Amino acid sequence: MPDLEVIIGLEVHAQMSTKTKMFCGCDNDAFGKAPNTTVCPICMGHPGTLPAVNATAIEKAIKASLAINCSINLSNHFDRKHYFYPDLPMGFQISQYDFPLSSNGSVTYDIFDASGNIEESKVCGITRLHMENDAGKLTHKGSTTLCDYNRAGTPLMEIVTEPDLRSADEAVAFAQELRRILIAVQASEADMFKGMMRFDASISLREKGTEKLNPRSEIKNLNSFKSLERALQYEEKRLRKHWDEDGGPLKGDITVGWLDDDGRTKMLRDKETADDYRYFPEPDIPPLEFEKSYIEELRAGMPTLPRELKEKYINLGLDEKQALQLIDQSTLQIMFEAIRAKTDAKRASSMVLTQLLGFLNAAEKEVAEGPDADAMLELVDKIDDGTISSNAGKDVLQKMVETGKNASTIIKEEGMQQISDDSAIESMVDAAIAANPKAVEDYKGGNEKALAAIVGFVMRESKGQADPVVVNKILRSKI
């Protein structure tokens, strides 16, 4: 058995986050809606209808192209890609082939070790980014197939990589970084649960030290990072076994499907070529022509990209895991930035990534089900203005997660408002001194830690409502 290396390339399909579809005015958010309710004669391919390009989709695709370092082709056009399948109401797909929107890009991504630290940084080349419309959805029930065309016409970006990935781990790490980029530039929500990001993965083997690309196996429609990883791992083992038994690579390109429940691939067909699709320029849509000034205007308005943002957070004192948590979940990032504007990064990360996430996990709730940024800021204000103590703030946050109520309501209902009145606290301190004579003597004898026992007594008696700063001040003046 020769020493073989794995060659992997991806085609990533990402739904663009627009209000309407690619070539008509239908709602682009079909998730959860009744079948065939967000359709019109244009996206259903009725005779005599004409497509009109969604300008917002083009802008988002350009921003995505810039974010992955692609060169924008100032002159490009749409093509018709012909294949016949029940989920394609037009009988062809409007896509791009020989003149795509952009090409020749790259994405830098990180490989992490078991401890979550960066082991190595790698670069994957991007062949092209082109625009197209999605097909519908087929549901197979026994001998019956149901067609839902709500998704037909959805605007997609297809991002095609160079064959630069060398393992399933690298493919997943690249895909995760690409997802972060698309979300950061607001080109796509990339919600994989809703099918907004899907992968076709091509894998082949070759002898190390050679440059020839052997026939490949393309795995279709992988809809999660886990399925991408498992499918590539399985297909690598299958191809190695084939090489061992057949004495070499596949005889030709093939297309396989991934059976997630069975944990294996199945043969679908021989791989199509460009000739099979009979591409020709789309006659109903004029070529797209861009001015350089327009591209530069979009470039100037680009947000901070994930790798720069991660470096910024690490410089603020967060670790790799915390930085990625903020980057991967925009809701948490918004909360963190809002709180950091009022205080510091350490406190903001503690409240958002430790306390909030801890309470959400305990309550088995998602981030979207917890308090939003405004509710978190209200809690910060209640702590900072002395209404409640920091420790009480943790209890309030837990109740916010569990009940959905805001901080003010919980503080009022629970009677948690901090006691800062000197006379009220003075009487509590007197009682604490009387109840803890040994701790008082120990403190007078030089044991600084003994003071904590007396402070703790006051806090317990006041049910956490006494201001600990005032308690310490009065206690020290009396002993």
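Each value in this text was obtained by applying a stated rule to the coordinates, not by laboratory testing. These numbers come from a predicted model, not from an experiment. Virtual Cβ from ideal backbone geometry, glycine too; neighbours counted across all protein chains shown.
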Quiz item: Hey, could you pull the Cα Rg and Dmax for segment 265-342, both in Å?
Solution: 22.3, 60
Quiz prompt | For segment 281-295, 3J(HN,Hα) per residue [Karplus equation, 6.51 cos²θ - 1.76 cosθ + 1.60, θ = phi - 60°, Hz, x = Gly/Pro] | solution = x, 5, x, 9, 10, x, x, 8, 10, 10, 8, 4, 5, 5, 5
Quiz item: Dipole of the chain (Lys/Arg Cβ +1, Asp/Glu Cβ -1, origin at the Cα centre): which of Ile479, Ser390, Asn436 lies farthest to the positive side?
Solution: Asn436
Self-check item: Per-residue Cβ neighbour rank within 10 angstrom, fewest leading, Cys70, Cys147
Solution: Cys147, Cys70
Exercise. Report, by chain and number, residues whose modeled amide H sits under 5 Å from the one on Phe112, excluding near sequence neighbours (fewer than 5 apart, same chain).
Key: Glu119
Quiz item: Which cross-chain or sequence-distant (5 or more) residues have an amide H under 5 Å from the amide H of Leu268, H modelled 1.01 Å from N in plane?
Solution: Thr255, Val256, Gly257
Self-check item: Furthest towards positive pole of dipole, Gly247, Gly263, Thr210, structure part the chain, Cβ charges
Solution: Gly263
Quiz item: Between rounded, prolate and oblate, where does segment 199-348 land on the alpha carbon gyration tensor, with a ≥ b ≥ c its root eigenvalues, rounded for a/c under 1.5, else prolate if a/b exceeds b/c?
Solution: oblate
Exercise. May I ask for the angle, rounded to the nearest 10°, between helix 306-315 and the longest principal axis of the chain, with both axes built from Cα atoms and the value confined to 0 to 90°?
Key: 20
Practice problem: Would you work out the charge dipole size for segment 304-414 about its Cα centre, treating the Cβ of every Lys and Arg as +1 and the Cβ of every Asp and Glu as -1, and quote it to the nearest 20 debye? | Solution: 240
Quiz item: So what's the gap between the Cα centers of segment 361-417 and segment 187-233, to the nearest angstrom?
Solution: 43
Practice problem: Treating the angle as unsigned and between 0 and 90°, give the value, to the nearest 10°, between the Cα long axis of helix 450-461 and the longest Cα principal axis of the chain. | Solution: 80
Quiz prompt | Magnitude of the charge dipole, the chain, Cβ model with Lys/Arg +1 and Asp/Glu -1, debye to 20 | solution = 480
Quiz item: Measuring from centroid to centroid over Cα atoms, what is the spacing of segment 37-64 and segment 144-178 in Å?
Solution: 20
Quiz item: What pairs from Lys194/Lys220; Lys342/Lys382; Lys310/Lys346; Lys342/Lys412; Lys194/Lys312 go past 19 Å between their alpha carbons?
Solution: Lys342/Lys412; Lys194/Lys312
Exercise. Could you list which residues have their amide H under 5 Å from that of Glu282, counting only those 5 or more apart in sequence or on another chain, with H placed in the peptide plane?
Key: Phe78, Asp79, Arg80
